[in-house]
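Here, each number is a calculation from the coordinates, and none is a lab measurement. What you see is a predicted model, and the numbers here were worked out from it, not measured in a lab. Note that we place each Cβ from the backbone using ideal geometry, even for glycine, and neighbour counts take in every protein chain shown.
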Amino acid sequence: MDAKYWNNRAKGYYDQTNNPTEGLLKKLKDLNQRKHWLESCGGEAAASCMASLGYNIEIVTPGGHILQAGELIVDFLNGKRQENELSKIRSSVKTIPGNRLPQLYPYAVFSLFGADAEFRWVHNWKAICWQLESGHTIQLNLKKPDHFIAAVKYDKNTKEIIYNDSWPRKANNFDGFNLRMTESEYENNVKNYAIIYYPPEAEAV
């Protein structure tokens with residue numbers, strides 16, 4: 001079983017280059033008012049994980065504007081209104097940007113989209129591949145660069161994880177859709193936790 005839209009770029013891939021927060025921070029960096037500007041990879045990876053499973057994460061305003069799911073997640077994780085509830089999961093959310101704290105994502109995606117996700121301390125290639133083969137998607141965090149990605153499938157033939165990277169400029173061909181990771185790359189450059197996303201109930205039956 002595979003995630004429903006693992007290989008559907010239009011439905012399952014989210015790109016942070018058009019994220020509103022990134023646009024703001026980039027302008028501040030260009031004005032020498034900020035050193036760094038890339039912050040939304042976690043929100044966009046979470047969006048890719050959900051959309052690849054078939055969750056409807058499009059929210060349309062009364063005027064017809066479609067809100068960007070990744071941006072909503074980043075906003076939620078850093079909003080003062082949610083801070084007390086988020087601090088019950090990780091108290092450091094009061095001093096560290098919430099989008100950098102992986103334990104908070106399951107609460108955020110459930111609150112916003114009703115998505116079922118779970119944080120786990122795990123660094124085991126076989127366990128991760130088994131989750132992907134079971135039709136789940138997984139938000140992983142690279143070490144270098146410190147960056148979230150969305151694992152959407154395990155390819156048995158090549159023994160590689162297929163993942164989406166919301167920052168396409170990092171990829172050799174400037175395309176972050178359906179990139180591949182070997183076991184060696186996983187062992188050497190992925191942090192020791194995962195956020196596992198489960199399909200909607202209707203899809204899981």
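Annotation for segment 65-138 versus segment 152-189: alpha-carbon center distance of 21 Å.
Under Stokes-Einstein, with the Kirkwood radius over Cα pairs as Rh, the value for segment 35-142 at 10 °C and 1.306 mPa s is 107 µm²/s. Between V122 and Y193, A194, the built amide H atoms are under 5 Å apart, and every one of these is 5 or more places off in sequence or on another chain. For the chain, the longest principal axis of the Cα atoms and the long axis of helix 41-53 meet at an angle of about 50 degrees. Based on the alpha-carbon gyration tensor of segment 80-136 and its eigenvalue square roots a ≥ b ≥ c, which shape applies: rounded if a/c is under 1.5, prolate if not and a/b is larger than b/c, or oblate? Here segment 80-136 falls in the oblate category.
Here the Karplus curve 6.51 cos²θ - 1.76 cosθ + 1.60, taken at θ = phi - 60°, turns the phi angles of segment 81-88 into couplings of 4, 9, 4, 5, 5, 5, 5, 6 Hz, with x standing for Gly and Pro. Rounded to the nearest whole Hz, the Karplus-based 3J(HN,Hα) values (6.51 cos²θ - 1.76 cosθ + 1.60, θ = phi - 60°) of segment 174-188 follow the sequence 6, 9, x, 8, 6, 6, 10, 10, 8, 4, 4, 4, 4, 4, 8, with x at glycine and proline.
About the centre of its Cα atoms, segment 9-204 shows a dipole size close to 680 debye [charges on the beta carbon of Lys, Arg (+1) and Asp, Glu (-1) only; nearest 20 debye].
Can you bin segment 108-170 into rounded, prolate or oblate? Criterion: square roots of the alpha carbon gyration tensor eigenvalues sorted a ≥ b ≥ c, rounded for a/c under 1.5, prolate for a/b above b/c, oblate for the rest.
In terms of gyration-tensor shape, oblate.
Note on volume of the Cα convex hull per residue in Å³: of the candidates (i) 173; (ii) 135; (iii) 157, the value calculated from this structure sits at (ii).
Do you know the relative contact order of the chain, to the nearest whole percent, from alpha carbon pairs under 8 angstrom that are 6+ apart?
Working: 403 pairs, mean separation 50.1, N = 205.
It comes to 24 percent, rounded to a whole number.
Placing a label point 7 Å from the Cα of T158 along the Cα-to-Cβ direction, the residues of segment 1-34 whose backbone N falls under 20 Å of that point are 1-14. Expressed as a whole percent, how much of the Cα-Cα distance distribution for segment 1-97 exceeds 24 Å? Cα-Cα pairs of segment 1-97 separated by over 24 Å account for 34 percent. Relative to a virtual label point 7 Å from the Cα of D30 in the Cα→beta-carbon direction, which members of segment 156-187 show backbone nitrogen distances below 18 Å? Only 169 fall inside the zone, counting backbone N under 18 Å.
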